[in-house]
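Right, one structure below, let's go through it.
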Amino acid sequence: MAQAVVRAEQYRGMGAAEFFYRNKEIAGFGNPTRAIYQTVRELVENSLDATEVHKIPPKIVVQVEAVDPDKNIYRVTVDDNGIGIPPDKAPYAFGRVLYSSKYVARQTRGMYGLGVKMAVLYGQMTVGKPTLVITSPRGSKFTYRFKVKVNVKTNEPEVPEKGEWPKSGDWHGTRVSIELVGDWRRARTKILEYIKRTAIIAPYADITIITPEGILVRYPRKTYEMPEPPKEAKPHPKGIDIEALRQIIDKSKAKTLKQLLITEFQSIGPKTASVLLKRAGLEPDLNPKTLTDDQLKALVDAFHSYEKFRPPSPEPLSPIGAELIKIGLKSVLKPEFVEAVTRRPSAYGGHPFIVEVGIAYGGEIPPADQPVLYRYANKIPLLYDEKSDVAWKVVGETIDWSNYKVSFPAPLVVLVHIASTKVPYKGVGKESVMEVPEIEREIRLAVQEVARKLKRYLTKKEKEEELQKKVITFMKYVPEVARSLSVLSIDPETKKKKYDERSLEEKLKEIIAKKLGIPKEELPEVVIEIE
Ligand SMILES: Nc1ncnc2c1ncn2[C@@H]1O[C@H](COP(=O)(O)OP(=O)(O)OP(=O)(O)O)[C@@H](O)[C@H]1O
């Protein structure tokens, strides 16, 4: 009988690239449908960050080509007119997991330094080919071309091919091309919806998608008006933990603790610094680099328990603004009513955020049994996991729409945008946002504010319709009544009518207009004759 072999446990470490390679689904690459959707998303989001944050009106072309449809092999290519990537950084940007230019307190779509590498990895795992990157940084005299792979074991980029050539025009931007096994047919609707919703939130962008069937869908730019780009801000003490503090100390040139607090954090001046250090039981002149674990903890505790900090600065945020939301909703959905609001900045756990809400109603929007919710976080449309998102909780479950004169089925679209330096996503795939009470509250207030405007509009519309009905009811009888009165006014002796029909009609119209409280000229010209 075979003896069971008892082997000793094998221990080894695992790098970031290998971890995400083994756990693709947590980054949104769980199956071929999600993978192709997520690839388009990651590339488009990088392109938008590379343009919009630098005040360049984005021009983006997405192309999905069928390389071998029988094997479900597709090529996704995204072109942009962004700032490009310096040639020494490009291999890392595409070939090293957790490498990013966005690890700063500033609102961008990207934040983890992961997205495009997951797409590169997925491509190399399923088709085996490297990703092609062509880029020309702004101001550079060259265009660079790389083929890049991620080395799963070492998390170092592999560059099997590279080249450069002089640039003639002033083109700048990036083109990324990835071949992968994807289920285009299943993902198609979601991808087209994603592009549509991106066009709504960024009406200043020119976005085109060309599908494998050769269909071209273009959302032309509606305006050159763009949101103010976010500014980088120092961290707020309330959002700091011990590790973050350690990293700040490592990078800082401050010689004393007091200096560190004043120069590296928002909301701390000399006075507050002294109070905080006293609370933490630390000497102001201590060299920050010598702090023990206990001292670091004492300082973080003092940060968290201090009640008088100013709220985090909203400068690193870049909301879209009510006007642009309205332009976006109007141009794509063609509703009869549209309104939007940008709330004042708020904060949770030391992170600033702003909620924006837009409502579109009627027109070409088809009626649905529930409100159609367009969720966005840092301008990214979120299409999956709707029911577990804080915005759904408010729009779909908490708000009683009948209070706003909406009865379902109704043609109602509600757009909710959360802009923050740290959106509390439920996962790195960025599909839904956690139920943070401060955010939930802001969403509720914003939805209520816009919904009240919708109610006013619907009430006015209802009144106008009632009035219109009355006008028609009264006016129907005018010709007949005028004729009868005219006949009654015949003088028995002369046999002549005292009043002719025309003048009686005019008199009757005057009476009706007065009764309904509208100018006589607004009564319909054509008088409906009764049978
Ligand atoms: N089209 C592009 N133009 C300019 N820079 C780009 C472009 N695509 C990627 N990059 C650079 O590559 C970096 C890595 O991109 P990646 O998608 O991996 O992460 P991210 O966008 O920073 O964060 P996230 O994982 O949250 O998307 C970006 O931070 C950016 O600096």
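Can you go through Lys253, Lys258, Lys308 and tell me which one is surrounded by 19 or more Cβ atoms within 10 Å (Cβ to Cβ) and among the charged types (D, E, K, R)? None of the others qualify; the one that does is Lys258. The condition of being part of a strand (DSSP E or B), of a type outside the set (Asp, Glu), out of contact with any Asp or Glu (no Cβ under 7 Å at 6 or more places or on another chain) and modelled with pLDDT of 95 or more holds for Val338. Would you say Val104 is in the same structural domain as Asn46 (by TED's automatic domain parsing) and surrounded by 22 or more Cβ atoms within 10 Å (Cβ to Cβ)? Answer is no for this residue. Taking the conditions exactly as written (free of Cβ contacts under 8 Å to residues at least 12 places away in the same chain and either outside the structural domain of Arg197 (by TED's automatic domain parsing) or farther than 18 Å from Pro203 by Cβ (or both)), does Ser313 satisfy them or not? Taking the combined requirement at face value, the residue does not satisfy it.
Scanning the stretch 328-377 for residues that are open to solvent by less than 20 Å² (accessible area, probe 1.4 Å) and of a type in the set (Gly, Ala, Ser) yields Gly328, Ala340, Gly350, Gly358, Ala360, Gly362, Ala377. Here is the figure for the stretch 415-463: residues that are part of a helix (DSSP H, G or I) and of a type in the set (Gly, Ala, Ser) total 2. When Val78 is tested against the conditions (1) within 24 Å of the chain's Cα centre (by Cα); (2) within 12 Å of the ligand (Cβ to nearest atom); (3) farther than 20 Å from Ser318 by Cβ; (4) free of Cβ contacts under 8 Å to residues at least 24 places away in the same chain, the lone failure is (4). Only one of the numbered conditions (1) touching a Pro at 6+ places or on another chain (Cβ under 9 Å); (2) within 28 Å of Thr33 (Cα to Cα); (3) crowded, with 17+ Cβ neighbours inside 10 Å; (4) not basic (Lys, Arg) is violated by Pro69, and that is (3).
Residues in the stretch 26-54 that are of a type outside the set (A, V, I, L, M) and surrounded by fewer than 19 Cβ atoms within 10 Å (Cβ to Cβ): Gly30, Asn31, Thr33, His54.
Residue check: Pro57 meets all listed conditions (1) of a type outside the set (Lys, Arg); (2) part of a loop (DSSP other than H, G, I, E, B); (3) more than 13 Å from the ligand (Cβ to nearest atom); (4) buried (at least 18 other Cβ atoms within 10 Å of the Cβ) but one, namely (4).
Condition check ((1) hydroxyl-bearing (Ser, Thr, Tyr); (2) open to solvent by 40 Å² or more (accessible area, probe 1.4 Å); (3) free of Cβ contacts under 8 Å to residues at least 40 places away in the same chain; (4) over 26 Å from Gly239 (Cβ atoms)) across all residues:
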{"position": "Asp400", "(1), (2), (3), (4)": "no, yes, yes, yes"}
{"position": "Ala419", "(1), (2), (3), (4)": "no, no, no, no"}
{"position": "Lys426", "(1), (2), (3), (4)": "no, yes, no, no"}
{"position": "Ser432", "(1), (2), (3), (4)": "yes, no, no, no"}
{"position": "Leu454", "(1), (2), (3), (4)": "no, no, no, yes"}
{"position": "Tyr477", "(1), (2), (3), (4)": "yes, yes, no, yes"}
{"position": "Ser486", "(1), (2), (3), (4)": "yes, no, yes, yes"}
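Restricting attention to the stretch 128-162, the residues being in contact with a strand residue (DSSP E or B) (Cβ under 8 Å, 6 or more places away or on another chain) and surrounded by 20 or more Cβ atoms within 10 Å (Cβ to Cβ) number 12. With respect to Lys297, determine if the residue is among the basic types (Lys, Arg), open to solvent by 60 Å² or more (accessible area, probe 1.4 Å), in a helix (DSSP H, G or I) and closer than 30 Å to Arg218 by Cα. Here the answer is no, as Lys297 does not meet what is asked.
Assigned by TED's automatic domain parsing to the domain that holds Leu121 and near the ligand (Cβ under 10 Å from one of its atoms): does that describe Val40?
Values: assigned by TED's automatic domain parsing to the domain that holds Leu121: yes; near the ligand (Cβ under 10 Å from one of its atoms): no.
Criteria not met by Val40.
Okay, residues lined up against (1) among the polar types (S, T, N, Q); (2) in contact with a Leu (Cβ under 7 Å, 6 or more places away or on another chain); (3) under 28 Å from Ile201 (Cα atoms):
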| site | (1), (2), (3) |
| --- | --- |
| Gly13 | no, no, no |
| Ala16 | no, yes, no |
| Phe29 | no, no, yes |
| Ala35 | no, yes, yes |
| Arg41 | no, no, yes |
| Asn46 | yes, no, yes |
| Ala50 | no, no, yes |
| Pro57 | no, no, yes |
| Lys71 | no, no, no |
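The values are calculated or read from the model by the stated rules, or taken from the named source; none is laboratory data. Just so you know, these numbers come straight off a predicted model, no measurement behind them. Glycine gets a Cβ as well: all are built from the backbone with ideal geometry, and neighbour counts include every protein chain shown. Remember, those area values only see protein heavy atoms, side chains included, never the ligands or the DNA or RNA. Shrake-Rupley method; radii C 1.70, N 1.55, O 1.52, S 1.80 Å.
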